[in-house]
Amino acid sequence: MSFDPFDFKNTLPILNDDSEFFPLMSTQDEEEMNNEQVPEVLPILPLRNTVLFPGVVIPITVGRDKSIKLIRDANKGDRMVGVVTQLDVNAEDPEFDQLHTVGTTALIIKMLQMPDGNTTVILQGKKRFVLKEELQSAPYLKASVEPFQEAPYKEDKEFKAMVSSVKDMAMSIIQLSPSIPSEAGIAIRNIESTSFLINFIASNMNADVTAKQRLLETPSLRDRAHFVLEHLTTDLQMLELKNQIQTKVRTDLDKQQRDYFLNQQLKTIQEELGGSSPDLEIENLRARSVKKKWSKEVSDHFNKEIEKLQRINPAAADYSVQINYLELLLDLPWNEFTKDNFDLKRAQKVLDKDHFGMDKVKRRIIEYLAVLKLKHNMKAPILCLVGPPGVGKTSLGKSIAKALGRKYVRMALGGVRDEAEIRGHRKTYIGAMPGRIIQSIKKSGAANPVFILDEIDKVGNDFRGDPSSALLEVLDPEQNSTFYDHYVELDFDLSNVMFIATANSLSTIQPALLDRMEVIEVNGYTIEEKIEIAKQHLLPKQREAHGVKTKDVVIKNDVMEKVIEDYTRESGVRNLEKQVGSVVRGIAKSIAMEEEYTPVVSKKDVERFLGPPLFDKDLYENNDVAGVVTGLAWTQVGGDILFIEASLSPGKGRLTLTGSLGDVMKESATIALAYLRAHAGYFNIDQRLFDQWDIHVHVPAGATPKDGPSAGVTMLTALTSAFTQRRVKPHLAMTGEITLRGRVLPVGGIKEKILAAKRANIKQIILCQSNRKDIEEIKEDYIKELQFNYVKEMREVIDLALLNELVEEPLDLTIKEEPKPAAAYAAE
């Protein structure tokens, strides 16, 4: 067992996570510390087997719940705590009377969360204090304290000689001890303050806690220096005696013989344990490298790294790190590709079988395959499928991989905040690993997989970096051929990977990232499409999942339509699958309990399994009240309808907007009112009404935030209906933005809005003329029951939307007596 007179592991060196060394205390620092005041009340941090001296910096591992709570609360405040050594080191939760009476105030310099989950705190001792009275015991100790009274001393020749002897003896011990780092001698040599020198040596010398606590409680610096000198003298004598004994028993075995003997023993032990020797492990790595298809640059780098491995001691921690790095290089598919299947008709059949609809996406995939078949070399496109949840964006990636005959990889980006998850960590970090891009490529085993970047619109960022910026290189066809991972330290070619990103909305994607992708909209499904999807995919999947045969559950089209209309309101089919699963479970229960049932599910059976209808098909408002107009809106989960309500009340022409409206919708209401006032004569509205009636515009439901550029025409129609008291046509909806000149502007999300209108039993829709192209992309069979009116001017909207008859019980909008001008009041 070795004998170390000093133990510098607690105080030298202490580095923070920025590799900044905490400097030793100078005389000026000591004067500043002596001028600091000891607080009257301190939170008390008990230590088991450590004594903190003034000026000394030590790290401690905090494990008790009380101590963790204390440190976190103090770190939020002035960061001052009172450090006291406990009397019994075995006490798990020491009380106030189980602590020494003298302790040290400490400043929290740094709080670190270690990889093993523990919390390490770096403390710097300041001044000694004496415990007086306990003030609280929960959630941690807090006590009143008073400063420790220091005894005066003279720096005479005798004292200076004693301090010089302490320093010289400490330097001698450091030189004789091979286990003590040389930095310790440099640190002691550079200490200027006498008191800090004594405290520093006392903190690091090999003494028990009782002796160190007695030193802390000694008021006189001269007495403390004398005690330290006595202890160092004993340690130095022990160290010299130890070295003499080692010299006497040292054998004449030279280094070569010793190394050979130890290596032979190590090999024998490893063979007995069934393991392999380091030399055999290195040879296996070299043999695997011969079969790799990597470039000369990668080969040279691998050989250089394996030579570095040979120079590392197998017992060192760096050995396993280097082994893991070399195995990663060998596992990565450098220039290893799967063969693409260029049977385009087969690919079309696979896509059609797995997904109903999505003609635009399928056409783009077939185009890519066609070009790849002709050219045999093409940079893979970066496709971005955008659409509401549940429309099959992610599952489409599997179908594409199946159609191409490629490997399939999926990486979920939702909530990713650390840039290192994309680019990897540098090898110098503890626990370093490659980024998730490289890990996924390694997992696929091929350099040309279909790579799904799921939920790319939900990537976050914080102080660790911006993952969206790290994805710029990944998703740029001109740059990803030389993708650099910090862990791999080599360029990896991603140009053959077919990246497919999915997103619900483009608004949250970084513009530079969005510019690098080819956006393909995957819109919601019509009722007819949902019926086919349910028949071809959802129902068979649920039958298999619940152990039910095909003949046991039959759902006809009219019953499936009832499930869709009465129990779902979505653009995708995710909730529809849940409802179909509920129906199948109801049948499975009857089969398992041997109850009588009919395999053909009726509408009554649907209500028995799913309960009363959740949604009312007739959502549109009646037209008995003026100022209520149905609008069409787009949300992240698909299309929806909303109602704009405008009402008038006697007042002074104030405009009130409610319903949690965003800035864009508020501006639309302001523009609509300004346009109506400017063209009041065309709509037969008396101009004076705007000054004698207050206007209130509301969009239910009031608790749901709403915003967007689609409500302009609806706002103007509602205001015109309110001021003219004319009826709005039944079963009518509209969408579009307006300008002050009365122009109607196009908006997006048309297909989702049309689907929402069909679900609400709308018959007539007013759109901007520029949105005609969006309607032409929808199959005619799906919209044959709808009547579309395309407009360019707001006057056309009003002529189409309002009937030439008043509502029941219209408001009396007669003009009141003209108010007197301000000059008349002044004359009176």
| said: With the requirement that a residue be of a type in the set (A, V, I, L, M, F, W, C), out of contact with any helix residue (DSSP H, G or I) (no Cβ under 8 Å at 6 or more places or on another chain), outside any loop (DSSP other than H, G, I, E, B) and under 18 Å from ASP493 (Cβ atoms), what does the stretch 327-386 give you? | reply: LEU372
| Evaluation of THR658 against (1) under 42 Å from the mean Cα position of the chain (by Cα); (2) crowded, with 19+ Cβ neighbours inside 10 Å; (3) within 29 Å of ASP812 (Cβ to Cβ) (one fails), failing number | (2)
| Is it true that VAL163 is under 30 Å from GLN237 (Cβ atoms) and not in a loop (DSSP other than H, G, I, E, B)? | yes
| request: Give the residues of the stretch 641-667 that are polar (S, T, N, Q) and not in a loop (DSSP other than H, G, I, E, B), sorted by residue number. | output: SER647, SER649, THR656, THR658
| field | All strands (runs of 3 or more DSSP E) inside the stretch 673-766 with 3 or more residues being in the same structural domain as LEU661 (by TED's automatic domain parsing) and farther than 30 Å from GLY387 by Cα | value | 693-698, 726-728
| task | At least 2 residues that are in the same structural domain as ASN761 (by TED's automatic domain parsing), under 38 Å from the mean Cα position of the chain (by Cα) and under 14 Å from ALA534 (Cβ atoms) in each: list the helices (runs of 4 or more DSSP H) lying fully within the stretch 548-617 that qualify. | result | none
| message | Residue under question is VAL416, and the condition is that it be among the β-branched types (Val, Ile, Thr), in contact with a Pro (Cβ under 7 Å, 6 or more places away or on another chain) and under 12 Å from VAL450 (Cβ atoms); does it hold? | response | no
| note | Taking the stretch 471-501 and keeping residues small (Gly, Ala, Ser) and over 21 Å from GLY414 (Cβ atoms) leaves SER481, SER495
| task | Being surrounded by fewer than 20 Cβ atoms within 10 Å (Cβ to Cβ) and of a type outside the set (Val, Ile, Thr) is the filter; apply it to the stretch 515-528 and report the residue that is farthest from VAL580 (Cα to Cα). | result | ASP515
| Within the stretch 63-72, is there a residue that is loosely packed, with under 14 Cβ neighbours inside 10 Å, under 30 Å from the mean Cα position of the chain (by Cα) and under 30 Å from ILE191 (Cα atoms)? | no
| remark: Being farther than 24 Å from THR234 by Cα and crowded, with 16+ Cβ neighbours inside 10 Å narrows PHE200, PHE148 down to just PHE148
| When residues of the stretch 632-687 are limited to those that are among the aromatic types (Phe, Trp, Tyr) and modelled with pLDDT of 85 or more, the one nearest to PRO705 (Cα to Cα) | PHE643
| task | Would you mind stating whether ILE441 is in contact with a Pro (Cβ under 8 Å, 6 or more places away or on another chain), buried (at least 21 other Cβ atoms within 10 Å of the Cβ), part of a helix (DSSP H, G or I) and in the same structural domain as LYS402 (by TED's automatic domain parsing)? | result | yes
| said: What pairs come out if I take residues in the stretch 503-525 that are closer than 17 Å to ILE452 by Cβ and pair them with residues that are among the basic types (Lys, Arg) whose C-beta lies under 7 Å away, six or more apart or interchain? | reply: ILE520/LYS360; ILE520/ARG364; VAL522/LYS393
| field | Any chance ILE58 is free of Cβ contacts under 8 Å to residues at least 40 places away in the same chain, in contact with a helix residue (DSSP H, G or I) (Cβ under 8 Å, 6 or more places away or on another chain) and assigned to a strand (DSSP E or B) | value | no
| note | Restricted to the stretch 387-401 and to residues being part of a helix (DSSP H, G or I) and of a type in the set (Val, Ile, Thr), the residue surrounded by the most Cβ atoms within 10 Å (Cβ to Cβ) is ILE400
| said: Residues to consider are VAL83, VAL130; find the one that is in contact (Cβ under 8 Å) with a residue 12 or more places away in the chain, in contact with a Leu (Cβ under 6 Å, 6 or more places away or on another chain) and within 20 Å of PRO219 (Cβ to Cβ). | reply: VAL83
| query | Just wondering, is there one or more residues in the stretch 560-569 that are free of Cβ contacts under 8 Å to residues at least 40 places away in the same chain and not charged (D, E, K, R)? | reply | yes
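The values are calculated or read from the model by the stated rules, or taken from the named source; none is laboratory data. Keep in mind that this is a model prediction, so the values were computed, not measured. Cβ sites come from the backbone with ideal geometry, for glycine too, and all protein chains shown count toward neighbours.
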